[in-house]
Structure formats: C-alpha cells, structure tokens
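**Student:** Supplied in structure tokens, the structure appears directly below.
The numbers here are math on the coordinates, done by the rules we state, and not lab data. Bear in mind the structure is a predicted one, so any value in this text is a computation, not a measurement. Backbone-built Cβ (ideal geometry, glycine too); neighbour counts: all protein chains shown.
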Amino acid sequence: MSHPVYALNLFNVSDKAEYLAYSRRSAREVSAHGGHVVALGQYRESAAGDIAPRSVMIVVEWASIEAFEAYRDDPALADLHPHREQGTSDYVWHLFDKLDDLRPLLK
C-alpha cells in the first residue's frame with residue numbers, strides 16, 4: 001500500500017524570469033498529479049545545523065511516491081522542468097515518508 005510523501009524543496013532563485021515560467025504552471029501540474037503545497041517560506045535565519053542556507057523553502061505533500069514520480073517523469077512536462085532547473089541554484093529536493101508520529105523511528 002502506498003502512502004503520502006513530503007517533498008522538501010530548498011533553493012535560491014537565480015533567474016526570476018525562468019522561475020516565474022515554472023511557477024506559473026507548476027501549481028496546476030502538481031495538483032493534477034496528486035500533490036499540494038503544504039508550506040512556502042523565505043529564509044529567515046539558521047537556528048541550528050550547518051547546511052548552507054537557501055532563500056526559498058517549499059513543502060509539497062504527494063498522495064504517494066508514484067504520484068511524485070509521475071509528476072517528475074511525465075513526458076508532457078518535459079518543457080516545464082527545465083524552467084525550474086534554469087531558474088534556481090543550489091537545489092535540494094528530498095523526499096520524506098509521511099508519519100503520524102515518530103514511533104516507527106523509535107522502535
């Protein structure tokens with residue numbers, strides 16, 4: 001049985017026109033593929049850790065890993081993803097399984 005996953009996106013905007021070309025269409029395509037944006041954020045400060053800061057944070061909840069992969073690999077979106085790639089730098093795209101609590105990790 002598949003379960004929801006979160007995609008953590010951290011990045012800097014390197015070309016506003018390219019990223020705008022991506023963002024104008026991506027919300028509709030994410031939704032069509034079973035995802036929805038849970039949170040958007042702009043970097044404020046480092047509270048702990050040594051990861052290099054990124055200016056933007058987006059968390060997307062996907063219905064399943066298959067839904068995420070369908071979005072990422074959809075040939076109809078082959079012209080969309082290059083706008084994200086060319087409009088950003090220092091991109092981090094990590095996937096996390098959705099948990100109701102931390103008990104599975106603490107067993």
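**Student:** I need the peptides 33-41, 60-68 ranked by packing, meaning the mean over residues of other C-beta atoms within 10 angstrom, with the highest value on top. Walk me through the numbers on the way to the answer.
**Tutor:** On the way: 33-41: 14.2, 60-68: 18.6.
Order by mean packing, descending: 60-68, 33-41.
**Student:** Something else now. Measuring from the lowest to the highest alpha carbon on each principal axis, how far does the range 1-71 reach, largest first, in angstroms?
**Tutor:** Sorted from largest, the Cα extents of the range 1-71 read 37, 31, 16 Å.
**Student:** Mind putting a number on the dipole of the chain about its Cα centre? Charges go on the C-beta only, +1 for Lys and Arg and -1 for Asp and Glu, and I need it in Debye to the nearest 20.
**Tutor:** On the way: 11 positive and 16 negative charges, 56 e Å.
My answer is approximately 260 debye.
**Student:** Which one of 2, 40, 62 is farthest out on the positive end of the charge dipole of the chain, using unit charges on Cβ (Lys, Arg +1; Asp, Glu -1) and the Cα centre as origin?
**Tutor:** The Cα lying farthest towards the positive end belongs to 40.
**Student:** Given the -39500 (n - 2.57) contribution per DSSP H run of 4+ residues, what per-residue ellipticity at 222 nm results for the chain, rounded to the nearest 500 deg cm²/dmol? The partial results should precede the final answer.
**Tutor:** Numbers: 4 runs with 37 residues, N = 107.
The helix contribution divided over the chain gives -10000 deg cm²/dmol.
**Student:** For the peptides 43-49, 90-96, 78-84, what is the packing order when you average, over each peptide's residues, the other Cβ atoms within 10 Å and list the highest mean first? Write out the running numbers ahead of the final one.
**Tutor:** Working: 43-49: 7.1, 90-96: 12.4, 78-84: 14.6.
Sorting 43-49, 90-96, 78-84 by mean packing, highest first, produces 78-84, 90-96, 43-49.
**Student:** So if we plug the beta-carbon distance of residue 45 and residue 106 into 1/(1 + (r/R0)^6) with R0 = 30 Å, what FRET efficiency do we get, rounded to 0.05?
**Tutor:** On the way: r = 29 Å, r/R0 = 0.98.
With R0 = 30 Å, the Cβ-Cβ based efficiency is 0.55.
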